[in-house]
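Here's the structure we're looking at; comments come further down.
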Amino acid sequence: MALHDEKETVKDQLKTANEKLAKARQFIKSQDKLFREEHSKALNNLAGGQFDEAEESFRSQIKILEDDISRLKRLMSEAEQRYRREQGLMLGHIHAQGMVIARQHLASQQKGLGTSGGPNSWLGQQRRNLGQSLKR
């Protein structure tokens with residue numbers, strides 16, 4: 001009978017320990033829930049205003065950068081147009097200068113053949129001019 005009474009007391013102690021454990025778990029869960037709620041409220045209150053300010057700041061920075069990008073694109077296209085115009089003018093001038101040189105070359109060849117038909121080189125000219133005096 002003593003064992004039976006001891007068994008009953010141990011069962012009662014186990015039951016009360018389990019009830020205390022369940023209450024402790026419930027208390028911990030409720031405290032954790034309250035802590036998380038308070039923490040989230042604090043973050044929302046603190047970060048809510050700052051988040052709006054940060055978002056507005058980022059939006060203004062984005063707007064400024066987009067304006068800079070559009071301005072730089074416009075400047076780049078203007079520079080490209082200016083370079084193309086300059087290149088066209090330079091090529092036109094080079095072509096015109098080449099035509100002048102070609103015409104001068106053709107005119108000098110025709111003039112050279114029509115008058116004396118002699119040599120155009122320096123040595124040939126020296127022989128023609130000094131040739132008589134060298135033979136003596």
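Read-outs throughout are calculated quantities, based only on the coordinates presented, and are distinct from any laboratory measurement. All values derive from a computational prediction rather than experimental measurement. Don't worry about glycine lacking a Cβ; one is built from the backbone with ideal geometry, like all the others, and counts go over all protein chains shown.
Note on the chain: Cα convex hull, mean projected area over all directions, 28.0 nm². In the chain, the longest principal axis of the Cα atoms and the axis of helix 2-115 are about 10 degrees apart. Fully extending the segment from THR9 to GLU55, taken as 0.36 nm per residue of separation minus the present Cα-Cα distance, adds 10.0 nm. Rounded to the nearest 10 degrees, the inclination of helix 122-135 to the longest alpha-carbon principal axis of the chain is 30 degrees.
Calculated mean residue ellipticity at 222 nm for the chain: -35500 deg cm²/dmol, from DSSP H runs with n ≥ 4 weighted as -39500 (n - 2.57), summed, divided by the residue count and rounded to 500. Since only ALA96, SER121, SER40 are under comparison, the one whose Cα sits farthest along the positive direction of the charge dipole of the chain, derived from C-beta charges on Lys, Arg, Asp and Glu, is SER121.
For LYS29, a cut-off of 22 angstrom between C-alpha atoms picks up these lysines, skipping any fewer than 8 places away in its own chain: LYS15, LYS20, LYS41.
ALA22: net charge of surrounding residues, Cβ under 11 Å, Lys/Arg +1, Asp/Glu -1, itself excluded?
Once all neighbours under 11 Å are counted, the net charge is +4.
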